[in-house]
Amino acid sequence: MRPTTSLLVGLLFILSVASCADLSQYLKPGESMSKEETFTADGSVYTLVYVGDSPMILLDNGGNLMSDSSVISHVLMVHFSQLYYPSQGDISALRSDLEAYDASRNNGDFYHNISITLPGMDKKVGVEEAVCKYSLYLNVFPCTNETNCIYAAMMLCDEYGDALGCSNPRDLVPAVEKFAFADTGMDNGMNRIFALMDGLNSNNIYASLTEIKSIMGNFGNYEKDLEGTKFRLPQGGEKCSDCFGLCPRIVINESFLASANSKIDALLEKTALLGDYNAQGTRMSGEAVARLGMATDNAQKTYYHSIYDPQKNRSKEAVAEARDLLVVVSNSTMSNYVDRVDALITKTDADLAAGNFSQINASLDELRAKTGTLEAAVPAQWAIYNNTEKAEAEASLSLFILETSSLNDEQTAAAASLTARKDALDRGFVRGLTPERYIEITNDYKNITDTAEPMVQQVEQGTAYMSPFKAAGRKTNEGLENLAVTISPMDRTEKGQFAGYAPLMLSAVSFFSLASLLTFAFLFVFASMSTRFRKRNVMFMGFAILGAGLLMVGIVSAGVYFTLKSSSSGADFNEFKSSLGPVDHASVLIETQGVSAGAVADMKGCAAKIASSLAPRTVSIYQKTDGDCITSENTTLGGCYDKVDEPIITLRYSSVQTKPEFSVVFVDSATFYGDEMFFKECGFAPMLGVGLEAPAGQGTAQNQSSDWVIQ
């Protein structure tokens, strides 16, 4: 199945499941559902989801996100009406306060509810605002604008000119206008309020209440103008220089207006969502479109991440391995592949984050292909480099065996020539070469190994020939050691001294013993001979035989000496390495007394290489300053040579080239001499581990000859 087809199938499945159960797909980062309301509108079930205080998501009965603004608005209107539409009692209470407030304009409470019938009227009116309006002729000459208010002023000036001090009707126009406009405004406002209340429904409840609230906001000013009109009668002891005394005192009950304001504020708060359901529907529709797109994008991201993330991890691992290789091997093609894989990962990450899915399939296809190429190429390239490392180690081992063996002049010259060739080759064997160059160097190292092989075989054949004698010598030395330790316990220093003179002592004992026995035999034979056989020529022959016998005894004693010495303090490299095989530990002593800091650092680095080569053995490294040693914990170990574990490998600084020394049986030790460069290269360290079996009870050593892999 192609990725695009898989995407569509997977995406439809994800959305179908999520739409039934998971609201989180529609929530933006940082959002959370505060509440949800399930209700019925027009016979259908809906769920309204709130984020914070705002309605945000409307779901139908199937859990589908609704996006049609007109449908959303209608459903919100129905739902909010069910929840927030005021009861008839609330509306009636508001009307009652407003009616009481309007009635207080003319209820005559100041005059103990007196009402009168004015001339020309067939009904009684309250003796407040209505009487004042009549007294100002406004019932005859309405004052609705600046133009027609002059007529009422003219009538007042004619009738009450002297009392009012009126000589010009225009002087009264402002006072007439103020009263008339307040009276008309109050009437019109009340009429509009009651009309709005008569027409309240779910569609206009919030707008109508908002308008009523706005109208009521003007009543305070109207009330001041009416109660403070210049045409009023003074009240009690009121000192009023501009009170004309034409109107009764007007007292409007403000408590009803305050109560109405409190009720309408509560109604407005309750019906706020009813007031903007259209705006809410439009907003939620836009949100729904965006959230549906987001959910689709998220579903696509989830699908692609399920495919891409494992591939990304695999590609990163391949790139990391390739970069490790490129530190060692120069390969421009592989370097380009690594850069391209990195670029593809960066691009795909950015495309997924941005929701740009158009090129992801192509990027994934290329990423798979290039990653597969890297995964196949890296091991092959490592094999080329590791073959060079292995070839170099084999050549080093061959030359090391020759350097630590007894050679004739011709062999010594040949070995020196091979060493010079290898030194020149080593200088060219560096990291960062091309695979082709590593192959050439590998062949050159193999050539050195092949050239040295005949001499190595001769040395090994000589060693094999001498092995029975060395084995006998070792057994003899071990017996001497056990006997000496039994007679008088010795520390390691004393054992080393004993190993120096034990061969000589034993060979001398053997010589004198055999010589004495031979001399005794000669004298016994000579004494047993008759007188007639004691002729000059016979005696000469006898002494010749005795001399030859003593010479043979001397040769045998010398052989005993060299055999014992070669199997103890004069051992070779292979004999010492055989002492490493069965043990799970070793010690390295770095002799630093009188050595420069730079050389000490190189010697410490060499000790670390030795420890790595002898793994999994435990290798303890000590810095030997004199007779004492500094441990890795920076503590001082007194007389450490006699206390550390054998085998002991000693690193000793020397500016003059000196062959290493080895000893076994009495003390298993090896001493390597060299300068800064010798210990910096530390070429003998790998030799200690080549072909060395792991100690009993432990796994295979990491430094066996079959495992020359750069880590």
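Every number here is computed from the coordinates shown, using simple stated rules; none is lab data. No experiment lies behind these values; they were computed from the predicted model shown. Cβ placement follows ideal geometry from the backbone for every residue including glycine, while neighbour counts extend to all protein chains displayed.
What to note about this one:
- Using a Förster distance of 41 Å, the FRET efficiency for Ala100-Asn203 (Cβ separation, nearest 0.05): 0.90
- The range 573-689, dipole about Cα centre (Lys/Arg Cβ +1, Asp/Glu Cβ -1), debye to the nearest 20: 240 debye
- Label point at Glu31 placed 7 Å out along Cα→Cβ; residues across the range 282-305 whose backbone nitrogen lies under 16 Å: 282-299
- With the alpha-carbon atoms of the range 233-310 aligned to their principal axes, the span from lowest to highest coordinate is 97, 21, 18 Å, starting with the largest.
- Gain on full stretching of the segment that runs from His585 to Ala41 - 0.36 nm per residue minus C-alpha separation: 187.3 nm
- When only alpha carbons are used to place a centre, the range 418-451 and the range 291-354 end up 38 Å from one another.
- Placing R0 at 41 angstrom, the Cβ-Cβ distance between Ala353 and Glu375 gives a FRET efficiency of 0.95 after rounding to 0.05.
- Evaluating 6.51 cos²θ - 1.76 cosθ + 1.60 at θ = phi - 60° for every residue in the range 359-365, the Karplus couplings come out as 10, 5, 4, 5, 5, 5, 4 Hz, glycine and proline recorded as x.
- Using Cβ point charges alone (K and R +1, D and E -1), the dipole size of the range 89-270 about the Cα centre works out to roughly 100 debye.
- Distance between modelled label sites at Met552 and Val140, nm, 7 Å Cα→Cβ extension: 18.1 nm
- Put a dot 7 Å past the Cα of Asp642, heading toward its Cβ, do the same for Asn313, and the two dots end up 6.0 nm apart.
- For Tyr160, net neighbour charge (Lys/Arg +1, Asp/Glu -1) across residues whose Cβ lies under 15 Å away: -3
- Calculated from backbone phi, Karplus (6.51, -1.76, 1.60) coupling profile of the range 581-587 in Hz, x at Gly/Pro: x, x, 9, 10, 8, 6, 10
- Sequence of Asp158, Asp242 once ranked by neighbouring C-beta atoms within 10 Å, starting from the fewest: Asp242, Asp158
- As a calculated quantity, the FRET efficiency between Asp265 and Tyr50 at R0 = 25 Å, using C-beta atoms, amounts to about 0.60.
- In this label model, Ser70 and Thr625 are separated by 9.7 nm, measuring between points 7 Å along each Cα→Cβ vector.
- For Thr419, net neighbour charge (Lys/Arg +1, Asp/Glu -1) across residues whose Cβ lies under 12 Å away: -1
- Fewest neighbouring Cβ atoms within 10 Å first, the residues Val583, Val140, Val459 line up as Val140, Val583, Val459.
- Residue among Pro234, Phe194, Phe219 farthest towards the positive dipole end of the range 194-290, charges placed on Cβ: Pro234
- Neighbour counts of C-beta atoms inside 10 Å place Ser67, Ser167, Ser405 in the sequence Ser167, Ser67, Ser405, starting with the fewest.
- Each Lys or Arg adds one and each Asp or Glu takes one away; over the other residues whose Cβ falls under 11 Å from the Cβ of Pro142, this sums to 0.
- Using the empirical formula 2.2 N^0.38 Å as the baseline, the Cα radius of gyration of the range 89-270 reaches a ratio of 1.13.
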